[in-house]
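Down below is the structure, laid out as structure tokens.
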Amino acid sequence: MWRHEPVVVVGAGPVGQTTALLLARWGVPSVVLDRRPGRDAVGSRAICQHRDVLDVWESVGAGRRIADAGVTWTTARTYHRGRELFAQTFSSPGRSPFPPFVNVSQCRTEQELDRCIAAEPLVDVRWDAPVTAVTQTADGVAVRAGGAEVRGSYAVVCAGARSDDLRRQLGVSFDGHSFDDRFLICDVRADLPHRADERHFHFDPEWNPGRQVLVHPCPDSTFRIDWQVPAGYDLAAETASGALDARIRQVVGDVPYELVWSSVYRFHSRVADRMRCGRVLLAGDAAHLVSPFGARGLNSGVADAENAAWKIAWAGFGRAPAELLESYHDERHAAAVENVAVTTATMDFLVPPDPGRARHRADVLARAATDPEARALVDSGRLSEPFWYVGSPLTTADRSRPFAGRPPRGQVPPAGPGILVPDAPVTLPDGTTTRLRALARDGFLLLTAPGADTGAATAAAAAAPGPATTLPITPASPPSGSTLRPAAGPERASRPGAAGEHADLTGVLGARPGEVWVVRPDAHVAAVLHRPTRDDLAAALARATARAAPSGEEHSDGVLPQRR
């Protein structure tokens, strides 16, 4: 049982909702505070959700509903001055139950997460509660909200980009820059069946000369259209003059349409210098802002939420020291820096900051229709991907699996330490099936390849301070006495023994004989050990929970960062 005050979650957007639901999944109560009087009813906002984020939402009961409510787009077409340069077709989901990306409005995503929250007694949502101060006490936090004080054991600030006052109180800087041009978003409902499953990106179309237009399909015959517009663009004036109608007609043609929602926004590229301040963590847009090209905003915020939730639970239940929370900054700040680097490169191509890069872009676009090398340089946004914790203090290096760096666009790194474990179906001893990531998200998971000492893995799982399960990755039948997946809830105990088996896992992972793979509660691989002893496995588990300090030894991509 949780013996502390609830965790205070500041902000009831998707990142705050996800944080609260994941905390509840670990048996941790939370109070969610939001300044608004209630939920926003309209507006697409963050629309493009990655399959790995749908996986996270499925762990709290919402992933399949969100996916089913959305539109799956299978083709991305890129144009320059009306001429198609290339089309990228996305592969089938393969082993994942979800498609690569689903387009669904943020308000619909929030509705589905609210359904889960309504059924979760450990989550208390309070509207009309603007948070004006967060202070830390000896054993918790005190949050001033709407004239009242709310006590908590920890706080996770998910209040979005306008969290300047809270960041200032915490002594956190938010350095970066803002782009001059604005972007106009319109959600337009129209019957355009030829675009129902395609994303269209236009460079320099004749109907938006010198700038870009992006068209995304959304549910209910709605299309999200983004125009790059000048810094002084006036939406009200364009609406009144009829120019907005003309602008929309240039995209949809003469068919009837309904303007559902519109907004103008400016892109920012900023990262908080600290994402952990004692018992306070920053997540989502409160910690990092990126341009939406590549869908790296909300998708990375959900990864923040998952990282924060399991670490707060482990520290709060006494399964790990408070130092584990510092790894939240180590891992998610590195992810934010990567996202800023990727999206800044995209924006430099879309909106060249100097004449040299403008000439480079013009040359690339002119050659891209016929030159494959130039085509590879066209950057309309590298789509969201999970970050790799290869340099994390929690990750045990495997020199036989060196990390080759950022993979080619559209690909994922080979499975190994620090990488999100590939998903695959798993058959349990009773004949039912689940998925590898679902098992991993119940605690630590020890995957034993043929030839590994299963007794050592079983003993290490039994001695783990939190829930831990072993799973043989061989086609053999599970031995008698096997245990099923640990039950959800705060009282989950370590349950050694085989959770199940599936013949495909060796190939899915690229596992070698004698190996044991240690997978964290957020489904990232913590270690891959060759013929480990019980002590080797205990050391990897200790490191993965910050119970063993990193020594600064060489990692596969350099020296591990030292904690501040």
Of the residues in the range 329-359, those that are among the charged types (D, E, K, R) and either touching a Cys at 6+ places or on another chain (Cβ under 8 Å) or assigned to a helix (DSSP H, G or I) (or both) come to D330, E331, R332, E338, D348, R357, R359
Any idea how many residues of the range 183-212 are farther than 12 Å from R77 by Cα, of a type outside the set (S, T, N, Q) and without any contact (Cβ under 8 Å) to a residue 60 or more places away in the chain?
6
Please list, ordered by first then second residue, the pairs with beta carbon atoms under 9 Å, 6 or more apart or interchain, first in the range 366-384 and in contact (Cβ under 8 Å) with a residue 24 or more places away in the chain and closer than 12 Å to S291 by Cα, second aromatic (F, W, Y) and surrounded by fewer than 16 Cβ atoms within 10 Å (Cβ to Cβ).
none
Does at least one position in the range 85-104 carry a residue that is at pLDDT 90 or above and surrounded by fewer than 14 Cβ atoms within 10 Å (Cβ to Cβ)?
no
Quick one: would you say G497 is at pLDDT below 95, assigned by TED's automatic domain parsing to the domain that holds L445, in contact with a Gly (Cβ under 9 Å, 6 or more places away or on another chain) and surrounded by fewer than 24 Cβ atoms within 10 Å (Cβ to Cβ)?
yes
Restrict the check to the range 41-61 and report whether at least one residue is at negative phi, surrounded by fewer than 18 Cβ atoms within 10 Å (Cβ to Cβ) and at pLDDT below 95.
yes
Please work out if D175 is closer than 27 Å to F101 by Cα and either buried (at least 18 other Cβ atoms within 10 Å of the Cβ) or touching a strand residue (DSSP E or B) at 6+ places or on another chain (Cβ under 9 Å) (or both).
no
Specify the residue that is farthest from the chain's Cα centre (by Cα); the eligible residues are those in the range 227-259 that are in a strand (DSSP E or B) and at pLDDT below 95.
V229
Might you let me know whether the range 121-144 holds any residue that is aliphatic (A, V, I, L, M), within 20 Å of the chain's Cα centre (by Cα), surrounded by 13 or more Cβ atoms within 10 Å (Cβ to Cβ) and not in a strand (DSSP E or B)?
no
Any hit, the range 215-222, residues being polar (S, T, N, Q), in contact with a helix residue (DSSP H, G or I) (Cβ under 7 Å, 6 or more places away or on another chain) and assigned to a strand (DSSP E or B)
no
Residue under question is F86, and the condition is that it be under 24 Å from Q411 (Cα atoms) and touching a helix residue (DSSP H, G or I) at 6+ places or on another chain (Cβ under 9 Å); does it hold?
yes
With a cut-off of at least 3 residues that are of a type in the set (A, V, I, L, M, F, W, C), within 30 Å of L214 (Cα to Cα) and over 19 Å from the mean Cα position of the chain (by Cα), name the strands (runs of 3 or more DSSP E) lying wholly within the range 1-107.
83-89
List the strands (runs of 3 or more DSSP E) inside the range 153-211, counting only whole elements, that have at least 2 residues being touching an Asp or Glu at 6+ places or on another chain (Cβ under 9 Å).
174-190
Filtering the range 514-564 down to residues that are modelled with pLDDT under 95 and among the polar types (S, T, N, Q), which residue is farthest from the chain's Cα centre (by Cα)?
S551
Looking only at the range 245-274, count how many residues are of a type in the set (V, I, T) and either farther than 24 Å from D204 by Cα or without any contact (Cβ under 8 Å) to a residue 24 or more places away in the chain (or both).
2
Could you list, in sequence order, the residues of the range 500-513 that are modelled with pLDDT of 65 or more and in a loop (DSSP other than H, G, I, E, B)?
D504, G510, A511, R512, P513
Mind checking which residues of the range 296-331 are under 17 Å from R406 (Cβ atoms) and either out of contact with any helix residue (DSSP H, G or I) (no Cβ under 9 Å at 6 or more places or on another chain) or not acidic (D, E) (or both)?
R296, N299, S300, A303
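The values are calculated or read from the model by the stated rules, or taken from the named source; none is laboratory data. Here the structure is a predicted model, which is why all the values come from computation and not from measurement. Note that we place each Cβ from the backbone using ideal geometry, even for glycine, and neighbour counts take in every protein chain shown.
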